[in-house]
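Notes for the one structure printed next.
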Amino acid sequence: LYTDEDYAALKDYLYTRPPEKNTGKNQLGQPYRYGERVPQLARKGLPVILYGSIYGASSAMEEFPAYGSGWTMTARTAERLPTDENFRGRSNYGGNRQWLTDEQVRPVFAVPTESFYDAHLHHMFQIATKSGINGHFHDNYQNFPTAAGPIRSDVTGAGYQRPDGLIQAKSVVLDKHDWNKRFYTALWLAGRPPQMLGSNDQNNAFKRVWFVEGISYVQKPEGNYISQGLTPDIFRGYTSRTFPLATVTSQVMPRLGPDGKPASVNQQAARMVLAYGFLHDIGLALGALDANAKDFPLNQPPMQSLFGKIDQTIGFLDGGAKVLPYWQDRDWIETQSAAVTAGALVAKDHSRAVLVAINSSDKETPFAFRLTDKLLGEPVKSVQILESGAAVKASSGKFSIPLAPYETVFLNVE
C-alpha cells in the first residue's frame, strides 16, 4: 500500500464495509469473505491481524528495483520466480487496486536482509496507523534449520550443511530479534497494541503471539516430537514468552493404510502433543494432515477422553490447577530417570495431582520416582494410571513403572 486511498480502502474493508459490498477478489476470483462479525469486533477494539506470507511480497513494490536482487539473492527474477497467473486480474482487500502486470503477480521469496526488514517495518507501520491493524501473520517464514534438515524459507534454503556435518543457519538470529523489537515498539508508541500470529522460533521475547505453526508439526506418519528432534527443552525454548496466554497448533500426520490413504491416528504422537501442552502450560490445537499435507479431519476421541479425565481429576478447566514445571524447583519429586521428563498439575485444593511423564529415549526405560509432601502438602497415598485406574507398584514409598520407547503416561496422584 502506498497511497491514502489504499489505506482508506483497507480500513473500510476491515471496519465498516458490509460483506455484500466487498469488491475485492482472491486468486480464485471469489470475494474476500469475513462475515458480519469481523467489523463488529474490530470496532470494539479487538486486535486486527492481517495474513502475510514471506512469499507474498511483490516485485511490483516501488522499492524492488533498488533492493530486489538483494532480497531474492538473484537478479534473474523472471527465471527464478515465475508469475502466479491465479492472481492476474484480481484485486486487493480494499478493491481499489487490480493486479495486472507481471510484476504485480510475481511472488517474491524474500531473504531477511537489513533493507528488507526496514521496508517491512515501514509498510507495516503505515498500515497499522492508517488502516487500524495490530499486526500480521508472517507465514512460511523460518530463520533457522530444524532437526529434519534445512527448511526452505527462501530461494536458497534456510541453512546449509557444514564440512563437520552440522547445519548452519543462513539468517542472523539477532537481526530477527531486533526486527520484532522495533516493530512492537513502533506499534506501542503509535497507540496500536501489537498482536501477532507467528511460527515458533527463538525470537518471541517481544511478541504477543499465537503460535500457529512451525516446529510444532509432527512431520512423519510414524514420527513424534522427540524422534524428529523436538525435545521438551527445545520446545520450551521456542515457545518461551513474556505473556501468560499462547496457543500452538500441532498437526499430527495419520498412519496410512495399504492404499496409501489415512487410516488411523498416530496415538503415540497425539498423546505426546497433549503432554507437551500440559508440561509447558500452553494451549494446543491438535489437528491432522494427510500425506499430501492437506487437512484431514481425523476424529480424536481418545484425546478428548484423556483430557476429560484430567479435567475431572484436578478441575483443570475451572482455572485453579497449578502447573509444576519440570525445569523449575523439583522438591516435590525425587527420580534418577534421566531420560524421563516429568511435570505435574495440582488441583486447587491440593487433594489430587496429575503427573505427566514422557520417555525421551528410543528404548524402554524404567521410571522410578518418589513423591514428597511438597506435592500435595501431605504424604502421597497412591498413584494410578489415569485412564485405566491400575495402581502403580510401590516399594518403601518409591513408585516404579516401565515406559516404552517415546511413551507418554498420565498418572493420578492422591
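The values are calculated or read from the model by the stated rules, or taken from the named source; none is laboratory data. Worth saying up front: this structure is predicted, and the values here are computed from it rather than measured. FYI the Cβ positions are ideal-geometry reconstructions off the backbone, even for glycines, and counts take in every protein chain you see.
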Q | Odd one out for Val173 among (1) modelled with pLDDT of 70 or more; (2) β-branched (Val, Ile, Thr); (3) over 26 Å from Pro65 (Cβ atoms) | A | (1)
Q: Filter segment 348-364 down to residues that are within 16 Å of Ala404 (Cβ to Cβ) and of a type in the set (Gly, Ala, Ser), then give me how many there are.
A: 3
(Q) Suppose the filter is over 16 Å from Leu371 (Cα atoms) and touching a helix residue (DSSP H, G or I) at 6+ places or on another chain (Cβ under 6 Å); does Ala321 pass it? (A) yes
Q.
With the requirement that a residue be of a type in the set (Asp, Glu) and assigned to a loop (DSSP other than H, G, I, E, B), what does segment 84-127 give you?
A. Asp84, Asp102
Q | Output for segment 322-332, where each listed residue is of a type outside the set (Phe, Trp, Tyr) and modelled with pLDDT of 90 or more | A | Lys322, Val323, Leu324, Pro325, Asp331
Q: Search segment 111-154 for residues being at positive phi and at pLDDT below 85, and hand back the single one that is surrounded by the most Cβ atoms within 10 Å (Cβ to Cβ).
A: Asn140
(Q) Yes or no: segment 254-270 includes at least one residue that is assigned to a loop (DSSP other than H, G, I, E, B), modelled with pLDDT of 75 or more and under 13 Å from the mean Cα position of the chain (by Cα). (A) no
Q.
For segment 60-81: of the residues being part of a loop (DSSP other than H, G, I, E, B) and out of contact with any Pro (no Cβ under 9 Å at 6 or more places or on another chain), which is modelled with the lowest pLDDT?
A. Ala75
(Q) Going through Thr372, Thr341 one at a time, which residue ends up being modelled with pLDDT of 95 or more and under 21 Å from Thr231 (Cα atoms)? (A) Thr341
Q. If Leu50 satisfies every condition in (1) under 17 Å from Phe137 (Cβ atoms); (2) part of a loop (DSSP other than H, G, I, E, B); (3) modelled with pLDDT of 75 or more but one, which is the exception?
A. (2)
